[in-house]
Amino acid sequence: MVQLRPRASRAPVSAEAMVDEGQPASEEEAEHGLLVGQPSSGAAAEPLEEDEEGDEESDEAPEELTFASAQAEAREEERRVRETVRRDKTLLKEKRKRREELFIEQKKRKLLPDTILEKLTTASQTNIKKSPGKVKEVNLQKKNEDCEKGNDSKKVKVQKVQSVSQNKSYLAVRLKDQDLRDARQQAAQAFIHNSLYGPGTNRTTVNKFLSLANKRLPVKRAAVQFLNNAWGIQKKQNAKRFKRRWMVRKMKTKK
Amino acid sequence: MGEFKVHRVRFFNYVPSAIRCVAYNNQSNRLAVSRTDGTVEIYNLSANYFQEKFFPGHESRATEALCWAEGQRLFSAGLNGEIIEYDLQALNIKYAMDAFGGPIWSMAASPSGSQLLVGCEDGSVKLFQITPDKIQFERNFDRQKSRILSLSWRPSGTHIAAGSIDYISVFDVKSGSTVHKMIVDRQYMGVSKRKCIVWGVAFLSDGTVISVDSAGKVQFWDSATGTLVKSHLIANADVQSIAVANQEDSFVVGTAEGTVFHFQLVPVTSNSGEKQWVRTKPFQHHTHDVRTVAHSPTSLISGGTDTHLVIRPLMEKVEVKNYDAALRKITFPHRRLISCSRKRQLLLFQFAHHLELWRLGSTVATGTVEAMCLLAVSADGNWLAASGTSAGVHVYNVKQLKLHCTVPAYNFPVTAMAVAPNTNNLVIAYSDQQVFEYSIPDKHYTDWSRTVQKHGFHHLWLQRDTPITHISFHPKRPMHILLHDAYMFCIIDKSLPLPNDKTLFYNPFPPTNESDVVQRRTAHAFKISKIYKPLLFMDLLDERTLVAVERPLDDIIAQLPPPIKKKKFGT
């Protein structure tokens with residue numbers, strides 16, 4: 001059960017409710033700039049204020065406000081609101097400007113210095129003029145190879161960079177290319193290992209191979225490497241550990 | 001001679017790497033050998049099979065194919081996708097060009113020597129033009145489905161055979177398109193699950209293509225019709241390499257079991273003109289896979305995973321039947337990999353990627369003579385002798401930093417040099433087993449050297465097949481020279497008379513057993529001992545101590561990869 005506040009009169013309650021609704025509405029209107037001295041809303045606001053004051057001093061007569069003063073007040077209100085809006089806008093603009101400058105600077109830092117970029121662009125132009133033969137090669141390759149078009153463009157890029165860096169001692173390569181290259185090399189090595197030493201091949205150990213002669217001698221001899229010290233390593237380690245613990249326990253119980 | 005205490009060192013864990021490719025150059029009679037760790041060695045076959053050039057390698061440059069092109073240019077290609085040209089004068093790599101086809105499996109130079117063909121992982125066959133300073137990509141041939149593992153040019157230069165997995169393609173060079181695609185059976189008259197890899201192809205001028213594959217077959221195909229003519233099953237394991245002679249009347253193949261087979265074109269009957277290919281000789285000189293073979297006009301060359309390089313001269317091709325016609329097996333390096341510091345009793349072992357420094361027992365030594373592969377410094381630091389690939393040994397005066405004199409050029413390369421401590425005589429050993437002594441202050445050969453040259457060396461001395469790799473001297477006895485090769489070490493006593501061909505060269509028994517008269521009659525200047533072998537290094541530490549570094553063959557074999565299983569009756 002909600003206990004309602006004791007109501008002195010109906011009118012003030014409704015006035016308060018109206019006041020709560022009215023104020024946010026007026027603020028919104030002010031922000032959007034629609035309110036330009038609308039006397040009705042201004043007039044609507046006043047009696048509510050009056051009513052509030054009237055609520056506390058219900059016996060006094062309401063204040064007398066002229067239309068001009070009310071209008072002036074309303075205009076002041078609007079001007080203030082407009083000012084705040086303008087200030088906010090300029091602030092936001094400045095913020096955005098600063099952010100943009102920051103981004104530009106960061107991007108500039110990321111790129112190479114201007115000198116090298118200039119060189120690259122001029123070099124690429126002269127390259128294209130100098131070596132039509134190279135371009136022909138690239139075209140032929142493009143025709144003959146079915147896939148890896150990306151590769152061709154990479155080739156061209158790599159060639160260009162190589163020709164630029166003649167006076168400097170570096171070479172620009174993409175890391176993705178290196179991974180691809182390594183993967184292919186690994187695959188090739190795996191292929192040859194499988195075909196020579198993989199399943200299905202008839203391989204034996206060097207020990208067995210050399211001991212074959214010993215087996216066929218008139219007096220048979222042992223294998224070339226007879227002892228296998230790598231046998232049962234885990235078992236031997238476990239036994240060692242157990243022995244150590246057992247000794248310690250024995251010492252303890254003896255005491 | 002005296003008695004010595006010997007430090008016998010066997011802990012130098014030297015394991016040579018497997019031989020991957022061999023390439024024979026006919027004009028200069030030289031052999032290029034590449035190994036799995038990327039090193040390339042050049043052997044001069046006419047200079048007593050001496051290794052004259054050496055390119056140290058790296059695993060990333062491991063080669064899969066090696067070939068000579070026109071003008072003595074050497075190219076190699078590997079799984080990193082690059083074609084590398086070697087500079088034989090400067091002993092470095094000229095350049096490495098990426099072929100953009102993925103890992104390269106095979107390479108062949110055209111019969112004219114001006115074009116290079118490369119077979120790649122992605123199935124493409126690329127043609128490169130060899131320009132005076134570089135190579136240039138020309139065009140691609142038709143792309144195949146699987147990797148191209150072997151290539152061969154027709155001697156006329158019009159067609160190419162490419163071996164792949166389960167098939168062989170024949171291309172026409174002018175158009176670049178496939179003429180025939182010949183399917184290879186997976187097993188000899190049977191079915192097998194494993195793919196048949198065509199490890200080698202050879203194209204003869206009459207249009208026959210010979211292929212060797214992983215099922216152990218040698219097959220003859222006719223390239224005009226694209227059909228199989230004859231099939232020989234020669235092994236239970238892969239046949240991995242093939243090489244044809246220039247005259248096309250014989251070829252050699254190598255198998256994974258270590259056997260090398262010689263095929264010859266013989267007439268069917270003694271007077272008929274018709275000829276057929278017959279398997280004539282098997283050779284079992286290897287224990288592991290024979291990955292590469294080459295055919296020179298007079299001999300068969302093979303190399304593989306067991307790291308030996310075997311050169312077998314063919315009896316019917318050799319004119320003079322002397323010691324030169326015997327089998328040569330090159331196992332140990334021809335350069336010195338060990339250095340010894342006498343004062344500090346230290347041994348320095350040179351491996352492919354690192355050095356090891358070991359300390360010997362504790363005795364006092366005198367004098368230090370440091371010698372590097374082709375340099376020799378005198379004990380007092382005044383003279384420096386250097387021999388390079390050009391002829392002649394130059395002697396420089398270190399104090400005045402200028403050339404002092406030049407030993408006259410000799411047509412064989414130098415294998416070892418050293419300067420005697422007191423007399424400043426330069427002792428040089430050449431690859432044909434000749435030893436010269438040159439006096440640096442007097443700028444001419446010494447009298448002893450002239451006498452030796454006039455007299456000539458004993459024939460057993462000249463027939464040794466490993467080169468002398470180190471010379472050193474006794475500090476207190478200037479008449480003694482200590483030198484060694486892989487199977488013996490020898491002390492030359494200049495005061496004793498020289499042996500002629502009839503004297504007993506190797507004295508197996510110690511001289512104390514015989515009477516004085518016999519001793520005086522048989523004593524000669526060359527005192528040889530074969531106790532320590534195989535010797536990698538031997539030096540004099542001080543007056544009473546020697547150090548000998550041996551490398552038993554069994555220790556090397558124990559570290560090789562697994563060989564093919566052989567079934568023997570009764571095991």
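The values are calculated or read from the model by the stated rules, or taken from the named source; none is laboratory data. All values reported here derive from a predicted model rather than from experimental measurement. Glycine also receives a Cβ, built like all others from the backbone with ideal geometry; neighbour counts cover every protein chain displayed.
The figures follow:
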| quantity | calculated |
| --- | --- |
| Whichever residue in region B:185-215 is within 21 Å of B:Arg291 (Cα to Cα) and of a type in the set (Val, Ile, Thr) and, among such residues, is surrounded by the most Cβ atoms within 10 Å (Cβ to Cβ) | B:Val212 |
| Tally of residues being surrounded by fewer than 16 Cβ atoms within 10 Å (Cβ to Cβ) and more than 7 Å from chain B (Cβ to nearest Cβ) across region A:184-196 | 5 |
| Among (1) assigned to a strand (DSSP E or B); (2) at pLDDT 80 or above; (3) closer than 28 Å to B:Val414 by Cα; (4) not hydroxyl-bearing (Ser, Thr, Tyr) - the single one B:Lys281 does not satisfy | (3) |
| Sole residue being over 31 Å from the mean Cα position of the chain (by Cα) and either at pLDDT 95 or above or closer than 24 Å to B:Cys21 by Cα (or both), chosen from B:Ser146, B:Ser152, B:Ser164 | B:Ser146 |
| Every residue from region B:167-199 that is away from every other protein chain (no Cβ under 14 Å) and of a type in the set (Gly, Ala, Ser) | B:Ser169, B:Gly190 |
| Residues (over 11 Å from B:Arg8 (Cα atoms) and touching a strand residue (DSSP E or B) at 6+ places or on another chain (Cβ under 7 Å)) located in region B:540-562 | B:Leu540, B:Leu541, B:Arg544, B:Pro562 |
| Top-ranked residue of region B:184-226 - restricted to ones that are outside any strand (DSSP E or B) and polar (S, T, N, Q), ranked as nearest to B:Gln264 (Cα to Cα) | B:Ser205 |
| Hey, B:Asp324 acidic (Asp, Glu), at pLDDT below 75 and not assigned by the TED database to the domain that holds B:Ala202 or not | yes |
| Residue among B:Asp432, B:Asp442, B:Asp493, B:Asp447 that alone is closer than 30 Å to B:Ile311 by Cβ and among the acidic types (Asp, Glu) | B:Asp432 |
| Which numbered condition B:Phe12 fails, given (1) assigned by the TED database to the domain that holds B:Cys120; (2) touching a residue at least 60 places away in the same chain (Cβ under 8 Å); (3) closer than 30 Å to B:Glu356 by Cα | (1) |
| Residue in region B:490-502 that is at pLDDT 85 or above, assigned to a loop (DSSP other than H, G, I, E, B) and touching a helix residue (DSSP H, G or I) at 6+ places or on another chain (Cβ under 6 Å) present | yes |
| Qualifying positions in region B:267-302 - in contact (Cβ under 8 Å) with a residue 60 or more places away in the chain and either assigned by the TED database to the domain that holds B:Asn26 or under 21 Å from A:Thr201 (Cα atoms) (or both) | B:Thr287, B:His288, B:Asp289, B:Arg291, B:Thr292 |
| Condition check for B:Gln247: more than 14 Å from chain A (Cβ to nearest Cβ), closer than 24 Å to B:Asn26 by Cβ and out of contact with any helix residue (DSSP H, G or I) (no Cβ under 7 Å at 6 or more places or on another chain) | yes |
| Subset of region A:166-176 [loosely packed, with under 13 Cβ neighbours inside 10 Å and either within 11 Å of another protein chain (Cβ to nearest Cβ) or more than 28 Å from the chain's Cα centre (by Cα) (or both)] | A:Gln166, A:Asn167, A:Lys168, A:Ser169, A:Tyr170, A:Leu171 |
| Some residue of region B:408-417 being touching an Asp or Glu at 6+ places or on another chain (Cβ under 6 Å), modelled with pLDDT of 80 or more and either in a loop (DSSP other than H, G, I, E, B) or buried (at least 16 other Cβ atoms within 10 Å of the Cβ) (or both) | yes |
| Residues of region A:198-209 satisfying the condition of being of a type outside the set (Val, Ile, Thr) and at the interface with another protein chain (Cβ under 7 Å from one of its Cβ atoms) | A:Gly200, A:Asn202, A:Arg203, A:Phe209 |
| Condition check for B:Ala23: of a type in the set (A, V, I, L, M) and buried (at least 21 other Cβ atoms within 10 Å of the Cβ) | yes |
